[in-house]
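Okay, so here's the structure we're looking at.
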Amino acid sequence: MAQSASAVAARRETNATRRPEYGRRPRFRLSTLMSIIGTTPMIVTAIGVFVICIIYSGVLSFTDSRMLPSYNFVGLAQYERLWNTSRWLISVNNIWLFGLLSVGLSMVFGFLLAVFMDQKIRHESLLRSIFLYPFAMSLVVTGLAWRWMLDPGLGIQSAVQGWGFENFRFAPLVNANTAIYGLIVGSIWNSVGVTMAIMLAGLRGIDGEIWKAARVDGIPAWRTYIFIVLPMMKGAVFTAFVLQCVGMVRVYDIVIAMTQGGPGIATQMPAVFVIEHITDRLNVGLGMAAAMMMLVPVVFLLSLLAFVQWRGRVAKEKAL
Amino acid sequence: MTQTIVQPEATAPLDRVLSGPRGPRKQQITMARIGIYGFLIIAALFFLTPLWVMLVTSLKTLPEIREGGNLFYWPREITFEPWVQAWSSACTGRDCRGLQPGFINSVKITAVATVVSILIAAINGYALSFWRYRYANLVFGILVFGAFVPYQVVIYPLVVAMREMGIFGTFPSIVIVHTIFGMPILTLLYRNFFSSLPPELFKAGRVDGAGFWQIFFRIMVPMAVPITVVAVILQLTGIWNDFLFGTIFAGRAHMPMTVQLNNIVQTTTGIREYNVHMAATMLTAAVPLAVYFISGKWFVRGIAAGAVKG
């Protein structure tokens, strides 16, 4: 007993190296009780929502639940059915295409804008406000605004045709093959500003001496940016990247506002698939199987991150 | 895991956005300069166009739109009728009360959920910084993991749980949902803030015999004003802009503005009143835009805080 108490104390000490005094006492204290009471919502949320709810979703994905939860287990039948459903296969293809293109383009344009903003230009703060304001708007607003602009009869297409360019075609949303690109335009419009702001912060965080050194060596500015500055601001790049990826979760809003998954099922996404199956389509079992599949890449990426960090820590300890 | 996911230094440089350019030295007016301004102006036009189109469309009469006038042109005759209609008489199915009820619902939901979620997160962050009990860090780790979980994974179990408790589709249910999903990032925000305070503050309170709540309300809350401003901005815009939770948890009686906007625009009966739709869209965007323009550089910090999520 005494041994385990000292082990706990030792672990605490490594946990809170800055303040080893607090919480070291193993005996019961009123303030500890207060701390637990005060954080009850956190405990309930962490355990109740992010553990039990996820397990419950997992359990339901092995049942034949329709409208209400049932506990008639059917093994992997829902998963088999899921991967034979064209609606789901299209959803998976779409989220990859949408994710790669909108995150990729947002990163590229965000970086370009940040670099151009960093050229001692005039009216920088005005431009920054202009680039960033769409992020304050909801994706529903974004989607509805762009849907109106991409309207084939009354939107950009007809306006440009009215200027004399009769053959101008720009109405991606009405065509099943191009509708996804319409979504990407809306999504990028909403998110590039944030990427720009984070990248610009990264650029400003870099030591100004780098520029002098690069100039002395006669390296052109664009090469300095790509080969010297970009690797130096990888923290900002990573932050922007993760922010964009987490934002992919919200794709539901923009799909509903712009295409509602159409034309046909051309712009279905996993996020929409799950919600439709637990609401209108009344097939909770299949919906939960799809939800579990959504969790797979998240868990994979987080484990990868944890692994990389663990390796980094081990390497550091070896170096010491 | 949380130690490196949270990058406090990632938030700090954002303040430097405002401290002026550091790029290559200024050149003379050259082709390159013209190219830079050209690119920036085209980009600015891309970002401004939707706002402009929404504005001019909302001021046009329906006949002017439908006879194929140019999308970008200023209206021939300005009418404010669409704005009035969007606010008070636009129809969702047979319910013709405009966006007004949605606005009131959104104000209620946003106000209550912002206060509740921030208060809870502040207590969490405080307890995690100064009163770490056994397994507290494990609980916190799970919570941070929750920041990455797609909402779709946990929504259905939450619906079932709330139905069992008899609160599904009520006002408390939507507030609880916003509190739950705001908690990971807000707790992270407050924990990082409180951990960065000098520990002497806390010790002084302990020496004077203050307990858990006294130290929190007398010492920590007054100290936490700057981080609370960031949290408020984050929650105000986030909750106001929410659509998914509103459709599922709010129920008909508390339908937020974004959901009502979508219903009004997607209603397919009768003639599509594009001008009313655009006025409604702008009305819905007005609150977060006002927050954005009033808060200025704090908004950038709020986003940085959002980035801490990563």
Requested in this report: Name the one entry in B:GLY141, B:GLY125, B:GLY146 that is more than 9 Å from chain A (Cβ to nearest Cβ), farther than 24 Å from B:ALA290 by Cβ and not hydrophobic (A, V, I, L, M, F, W, C).
Outcome: B:GLY125
Requested in this report: Could you please let me know if A:ILE198 is under 18 Å from the mean Cα position of the chain (by Cα), modelled with pLDDT of 90 or more, in a helix (DSSP H, G or I) and not aromatic (Phe, Trp, Tyr)?
Outcome: no
Query raised in the report: So which of A:SER106, A:SER125, A:SER102 ends up being surrounded by fewer than 19 Cβ atoms within 10 Å (Cβ to Cβ) and either assigned to a helix (DSSP H, G or I) or in the same structural domain as A:ALA201 (by TED's automatic domain parsing) (or both)?
Result: A:SER125
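The rows are residues; the columns are (1) touching a Phe, Trp or Tyr at 6+ places or on another chain (Cβ under 8 Å); (2) at pLDDT below 90.
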site: A:ILE43; (1), (2): no, no
site: A:VAL49; (1), (2): no, no
site: A:CYS53; (1), (2): no, no
site: A:ASN72; (1), (2): no, yes
site: A:LEU82; (1), (2): yes, no
site: A:ILE90; (1), (2): no, no
site: A:TRP96; (1), (2): no, no
site: A:LEU105; (1), (2): no, no
site: A:PHE109; (1), (2): no, no
Query raised in the report: Taking A:LEU127 and the conditions (1) under 18 Å from the mean Cα position of the chain (by Cα); (2) under 17 Å from B:PHE46 (Cβ atoms); (3) at the interface with chain B (Cβ under 7 Å from one of its Cβ atoms), which numbered condition does it fall short on, given that it satisfies the others?
Result: (1)
Query - Hey, B:ARG66 within 14 Å of chain A (Cβ to nearest Cβ) and either surrounded by fewer than 17 Cβ atoms within 10 Å (Cβ to Cβ) or at pLDDT 90 or above (or both) or not - result: yes
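For every residue, the table says whether it meets (1) under 25 Å from B:VAL175 (Cβ atoms); (2) under 16 Å from the mean Cα position of the chain (by Cα).
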site: B:LYS203; (1), (2): no, no
site: B:ILE219; (1), (2): no, no
site: B:ALA231; (1), (2): yes, yes
site: B:GLY238; (1), (2): yes, yes
site: B:ASN241; (1), (2): yes, yes
site: B:ALA250; (1), (2): yes, no
site: B:GLU273; (1), (2): no, no
site: B:ALA286; (1), (2): yes, yes
site: B:TRP298; (1), (2): yes, yes
Query - Long-range neighbours under 6 Å by Cβ, at least six apart or interchain, first residue in the same structural domain as A:PHE109 (by TED's automatic domain parsing) within segment A:191-208, second of a type in the set (Asp, Glu) - result: A:LEU203/A:ASP118
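Looking at this structure, is A:MET149 more than 9 Å from chain B (Cβ to nearest Cβ), crowded, with 21+ Cβ neighbours inside 10 Å and touching a Gly at 6+ places or on another chain (Cβ under 6 Å)? Don't jump to the end; show me each part of the working.
Values: more than 9 Å from chain B (Cβ to nearest Cβ): no; crowded, with 21+ Cβ neighbours inside 10 Å: yes; touching a Gly at 6+ places or on another chain (Cβ under 6 Å): yes.
Judged against the criteria, A:MET149 is not a match.
Return the only residue of A:ILE184, A:ILE188, A:ILE278 being within 7 Å of chain B (Cβ to nearest Cβ) and either within 19 Å of A:LEU101 (Cβ to Cβ) or crowded, with 18+ Cβ neighbours inside 10 Å (or both). Quick ask: steps written out before the conclusion?
Values: A:ILE184 fails: within 7 Å of chain B (Cβ to nearest Cβ); A:ILE188 fails: within 7 Å of chain B (Cβ to nearest Cβ).
Result: A:ILE278 is the single residue among A:ILE184, A:ILE188, A:ILE278 that is within 7 Å of chain B (Cβ to nearest Cβ) and either within 19 Å of A:LEU101 (Cβ to Cβ) or crowded, with 18+ Cβ neighbours inside 10 Å (or both).
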Query raised in the report: Can you name every residue in segment A:224-252 that is out of contact with any helix residue (DSSP H, G or I) (no Cβ under 8 Å at 6 or more places or on another chain) and either of a type in the set (D, E, K, R) or not assigned by TED's automatic domain parsing to the domain that holds A:MET107 (or both)?
Result: A:LYS234
Query - Search result, residues across segment B:48-80 that are in contact (Cβ under 8 Å) with a residue 12 or more places away in the chain and among the acidic types (Asp, Glu) - result: B:GLU64, B:GLU77
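Could we say that A:GLY235 is outside any loop (DSSP other than H, G, I, E, B) and at pLDDT 85 or above here?
On the way: outside any loop (DSSP other than H, G, I, E, B): yes; at pLDDT 85 or above: no.
Against the criterion (outside any loop (DSSP other than H, G, I, E, B) and at pLDDT 85 or above), A:GLY235 does not qualify.
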Requested in this report: Quick one: count up the residues across segment B:131-152 that are part of a helix (DSSP H, G or I) and touching a Gly at 6+ places or on another chain (Cβ under 9 Å).
Outcome: 2
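Condition first: under 20 Å from B:LEU283 (Cα atoms) and either away from every other protein chain (no Cβ under 13 Å) or in contact with a Ser or Thr (Cβ under 6 Å, 6 or more places away or on another chain) (or both). Can you find one or more residues in segment B:109-116 that meet it? Give the derivation first.
Quick first cut of segment B:109-116, residues under 20 Å from B:LEU283 (Cα atoms) only: B:109-111.
Add one more test, that the residue is either away from every other protein chain (no Cβ under 13 Å) or in contact with a Ser or Thr (Cβ under 6 Å, 6 or more places away or on another chain) (or both), and what stays is B:109, B:111.
Within segment B:109-116, one or more residues are under 20 Å from B:LEU283 (Cα atoms) and either away from every other protein chain (no Cβ under 13 Å) or in contact with a Ser or Thr (Cβ under 6 Å, 6 or more places away or on another chain) (or both).
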Query raised in the report: Is it true that some residue in segment A:219-227 is of a type in the set (Gly, Ala, Ser), part of a helix (DSSP H, G or I), over 27 Å from A:CYS53 (Cα atoms) and touching a residue at least 12 places away in the same chain (Cβ under 8 Å)?
Result: no
Requested in this report: Answer with yes or no whether A:LEU132 is touching a residue at least 60 places away in the same chain (Cβ under 8 Å), touching a Ser or Thr at 6+ places or on another chain (Cβ under 6 Å) and not in a loop (DSSP other than H, G, I, E, B).
Outcome: no
Query raised in the report: Which condition breaks for A:ILE206 when tested against (1) part of a helix (DSSP H, G or I); (2) under 14 Å from A:ALA114 (Cβ atoms)?
Result: (1)
Query raised in the report: With respect to A:ILE90, is the statement that it is assigned by TED's automatic domain parsing to the domain that holds A:ALA221, surrounded by fewer than 24 Cβ atoms within 10 Å (Cβ to Cβ) and within 17 Å of A:VAL272 (Cα to Cα) true?
Result: yes
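So which of B:ILE104, B:ILE65, B:ILE118 ends up being of a type in the set (A, V, I, L, M, F, W, C) and in the same structural domain as B:PRO50 (by TED's automatic domain parsing)? Can you show your working first?
Numbers: B:ILE104 fails: in the same structural domain as B:PRO50 (by TED's automatic domain parsing); B:ILE118 fails: in the same structural domain as B:PRO50 (by TED's automatic domain parsing).
Among B:ILE104, B:ILE65, B:ILE118, only B:ILE65 is of a type in the set (A, V, I, L, M, F, W, C) and in the same structural domain as B:PRO50 (by TED's automatic domain parsing).
The values are calculated or read from the model by the stated rules, or taken from the named source; none is laboratory data. This structure is a prediction, so every number in the text was calculated from the model and none was measured. A quick note on method: Cβ atoms are made from the backbone with ideal geometry, for glycine too, and the neighbour counts reach across all protein chains shown.
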